[in-house]
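Encoded as structure tokens, the structure appears first; notes follow it.
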Amino acid sequence: MKILKGDLVAIVTGKDEGKTGKVEKVLTKENKVVVEGVNLFKRHIKARTQGQKSEIVTITKPLPQANVALICPKCKEQTRVGYIVSKDSKERICRKCKAVI
């Protein structure tokens, strides 16, 4: 995947369109990412034991990777990710300003 944990991304489509956040987790097999503070849902949790209380918890659900765009740390714009392959390494680059990400 071209988006990695810790990248700053912008939400391109969906209910949170226009918001930005940091990637907390990347789910490669499902092609999804979890972005902090985005795609929040409420979950009602029932008390399981006598002393435990019922509560409403806010959880973050994963987004499809196609619904987010990387924000370049140098030019601060939404961009696609390219690669430069040398003999010993493969580096991600910004397609707009050609800076190494």
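The values are calculated or read from the model by the stated rules, or taken from the named source; none is laboratory data. Nothing here was measured: the structure is a model prediction, and the numbers come from that model. Note that each Cβ is placed from the backbone with ideal geometry, even for glycine, and that neighbours are counted across all protein chains shown.
Overview of results
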item	result
Residue match in segment 53-63 (condition: closer than 21 Å to Met1 by Cα and not in a loop (DSSP other than H, G, I, E, B))	yes
Failed criterion for Gly37 (all others in (1) modelled with pLDDT of 95 or more; (2) exposed (fewer than 13 other Cβ atoms within 10 Å of the Cβ); (3) in contact with a Gly (Cβ under 6 Å, 6 or more places away or on another chain) hold)	(1)
Single residue of Gly6, Gly18 found to be part of a loop (DSSP other than H, G, I, E, B) and farther than 16 Å from Val100 by Cα	Gly18
From Thr13, Thr49, residue being in a loop (DSSP other than H, G, I, E, B), in contact with a helix residue (DSSP H, G or I) (Cβ under 6 Å, 6 or more places away or on another chain), more than 22 Å from Arg92 (Cβ to Cβ) and of a type outside the set (Gly, Ala, Ser)	Thr13
Residue satisfying condition, being of a type in the set (Asp, Glu), more than 13 Å from the chain's Cα centre (by Cα) and surrounded by 13 or more Cβ atoms within 10 Å (Cβ to Cβ), within set Glu91, Glu77, Glu55	Glu77
